[in-house]
Amino acid sequence: MRINKYIAQAGVASRRKADELIENGNVKVNGAVMKEPGYDVQEGDKVEVNGRVVEGQQKLVYVLVNKPFGVITSAKDEKDRVTVMELVKDIDERLFPVGRLDYNTTGALIMTNDGSLTYRVTHPKHELGKTYRALVKGVISPEKARKLRNGVDIGGYVTKRAKVSVIKGNQNSTLVEITIFEGKNRQVRKMFSAIGNPVQELERVAIGNIRLGHLKSGHYRKLTKEEIEYLKNC
Ligand code: URA
């Protein structure tokens with residue numbers, strides 16, 4: 001197995017990050033620095049990352065968490081705020097978030113120790129749809145919904161096609177379901193701001209066809225076999 005995949009599958013880092021570690025000379029094979037990302041790990045090789053031995057593939061775990069408001073999507077926070085790691089602390093394996101949700105966005109987030117899956121799912125070419133329920137200020141007219149679908153300028157970038165449906169609303173606020181097939185930083189918030197309807201609350205309700213359903217805030221569930229297969233084939 002290629003060394004970057006080996007490191008990713010061991011849950012040490014994503015495949016991209018593994019490439020960086022290799023390039024930066026943080027990886028050794030049998031005691032010698034290995035800078036060849038294509039190196040084929042052999043049975044019996046001792047692989048070390050930053051001086052720590054990386055064992056072969058561990059048990060792979062995949063969960064869907066319902067991220068609460070005010071929780072950070074990262075492994076560590078320098079300001080000591082609660083991170084998503086806290087939500088899965090009763091799981092022995094060290095899981096990492098797949099992609100990210102803003103501090104003040106709630107909802108569906110996948111966590112796993114399968115670096116290869118993380119790599120696939122977060123790679124821009126896969127364009128897995130992410131569905132959000134956005135409570136926004138003001139009225140979303142059919143014309144505004146059309147703009148959101150066709151692409152809006154969010155500061156030098158025009159968004160790709162999106163799916164948009166207005167669920168309900170009044171003069172003050174509107175609940176909209178929106179599916180985007182890309183993931184620019186704070187994209188949904190920027191899209192609504194661009195049309196003059198700032199987001200008041202944002203919840204991700206689905207990643208591809210994996211839905212949050214009735215999962216309670218702060219809880220997690222294991223992904224089903226079918227869901228894992230679906231992600232592997234996306
Ligand atoms: N878009 C946003 O604006 N925020 C998120 O957390 C996810 C998508």
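In the set (1) assigned to a loop (DSSP other than H, G, I, E, B); (2) assigned by TED's automatic domain parsing to the domain that holds ARG189; (3) of a type in the set (Gly, Ala, Ser), GLY99 fails one condition alone, (2).
Being assigned to a loop (DSSP other than H, G, I, E, B) and over 17 Å from the mean Cα position of the chain (by Cα) is true of LYS59.
Being touching a helix residue (DSSP H, G or I) at 6+ places or on another chain (Cβ under 6 Å) and under 20 Å from LEU223 (Cβ atoms) is a condition met by no residue of region 37-54. The criterion of being within 16 Å of the ligand (Cβ to nearest atom), surrounded by 18 or more Cβ atoms within 10 Å (Cβ to Cβ) and at pLDDT 90 or above does not hold for ASN104.
The values are calculated or read from the model by the stated rules, or taken from the named source; none is laboratory data. What you see is a predicted model, and the numbers here were worked out from it, not measured in a lab. Here the Cβ is made from the backbone with ideal geometry for all residues, glycine too, and neighbour counts use every protein chain on show.
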